[in-house]
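These notes are about the structure you will find just below.
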Amino acid sequence: MKCAKLDCGVRSMPSPRIAVLASGNGSNFEALAAAHAAGDLGGSIVALLSDNPQAYALERARRFGIEALTPPAGRFRTKLEDEAPWLAALEEREVDVVLLAGFMRRLHAPFLARFAQRLLNIHPSLLPSFPGLDAIGQAHRHGVRVTGCTVHLVEDALDAGPIIAQRAIEVGEGEALERLTHRMHEAEHALYPDAVKRFLTQPWTVDGRRLLFADAGANEVSHG
Ligand code: GRF
């Protein structure tokens, strides 16, 4: 399916209004917020929403002067009990684009439909390898020689959706999981802001599974 009008939709916004959803530490949120503060994200982060009132991401948001919200998440661990207050909070703030950054709950049809091709996620593996929880550990235990991180559009399947950007990381001989995890986060913090900026400022289309940028070098894999 070609969706040419959608790339126009993002690019025609003078400065897309962005919300980030995070459940925990928020280091990826911080990388995005720092890029925004430097005028280098291609849009403005207007809110950080968390399902976890203890999330350190909330504190990071306050430090950046970004509104930090905790809409009710409900009693289920892996999904929001009611997405309506979340969607209402995003509507009230006229959010155009939503970025998931360590958000630990699945989103469902109404949310996905409202932000179709406006909802991005970062995952710490080279998808489609190692979707789901503990992706860094999965790859480490598997003994892969190369892993990496992926920024992708979110669809109604776990860690699926057209790939926007990936960064490869070579795993050192006998490298400890802790060190690989640290290097993965460094790679993520570079990749996510870059990928968001490109997504928001360059023309693109979706053709089947593939998100295609119109500019040169669109499908290169960078090495961290
Ligand atoms: C990151 O590794 C991200 O890829 C995954 O969850 C982790 C979140 O880390 N989805 P942080 O909260 O951004 O520090």
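The values are calculated or read from the model by the stated rules, or taken from the named source; none is laboratory data. Computed from a predicted model, the values in this text were never measured in an experiment. Every residue, glycine as well, gets a Cβ built from its backbone with ideal geometry; the counts of neighbours run over all protein chains shown.
Results for (1) in contact with a Ser or Thr (Cβ under 8 Å, 6 or more places away or on another chain); (2) touching a residue at least 12 places away in the same chain (Cβ under 8 Å), shown as yes or no for each residue.
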residue	(1), (2)
Thr78	no, yes
Glu91	no, no
Ala101	no, yes
Arg105	yes, yes
Ala113	no, no
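For segment 88-99: of the residues being of a type in the set (A, V, I, L, M, F, W, C) and closer than 13 Å to Leu119 by Cα, which is surrounded by the most Cβ atoms within 10 Å (Cβ to Cβ)?
Residues of segment 88-99 of a type in the set (A, V, I, L, M, F, W, C): 88-90, 95, 97-99.
Narrowing the set further to residues that are closer than 13 Å to Leu119 by Cα leaves 90, 95, 97-99.
Numbers: Leu90: 24, Val95: 22, Val97: 22, Val98: 23, Leu99: 29.
For segment 88-99, the residue satisfying everything is Leu99.
Regarding segment 66-73, can at least one residue be identified that is under 22 Å from Phe111 (Cα atoms), within 16 Å of the ligand (Cβ to nearest atom), at pLDDT 95 or above and surrounded by 14 or more Cβ atoms within 10 Å (Cβ to Cβ)?
yes
Would you call His152 out of contact with any strand residue (DSSP E or B) (no Cβ under 6 Å at 6 or more places or on another chain) and not aromatic (Phe, Trp, Tyr)? Please lay out each step first, then the result.
On the way: out of contact with any strand residue (DSSP E or B) (no Cβ under 6 Å at 6 or more places or on another chain): no; not aromatic (Phe, Trp, Tyr): yes.
Against the criterion (out of contact with any strand residue (DSSP E or B) (no Cβ under 6 Å at 6 or more places or on another chain) and not aromatic (Phe, Trp, Tyr)), His152 does not qualify.
So which residues in segment 1-43 are away from the ligand (no atom under 16 Å from the Cβ) and either modelled with pLDDT of 75 or more or under 22 Å from Thr181 (Cβ atoms) (or both)?
Those that are away from the ligand (no atom under 16 Å from the Cβ) and either modelled with pLDDT of 75 or more or under 22 Å from Thr181 (Cβ atoms) (or both): Pro14, Ser15, Pro16, Arg17, Ala37, Ala38, Gly39, Asp40, Gly42, Gly43.
Name the residue, out of Leu211, Leu158, that is closer than 15 Å to Gly102 by Cα and in contact with a strand residue (DSSP E or B) (Cβ under 8 Å, 6 or more places away or on another chain).
Result of the check over Leu211, Leu158: Leu158.
Find the residue count for segment 33-59, including only residues that are over 17 Å from the mean Cα position of the chain (by Cα) and in a helix (DSSP H, G or I).
Selection size over segment 33-59: 3.
Within segment 84-179, considering only strands (runs of 3 or more DSSP E) that don't extend past its boundaries, which have at least 3 residues that are away from the ligand (no atom under 11 Å from the Cβ), under 26 Å from Ser44 (Cα atoms) and under 13 Å from the mean Cα position of the chain (by Cα)?
On the way: elements: 97-100, 119-123, 146-153, 163-170.
The strands (runs of 3 or more DSSP E) meeting that bar are 163-170.
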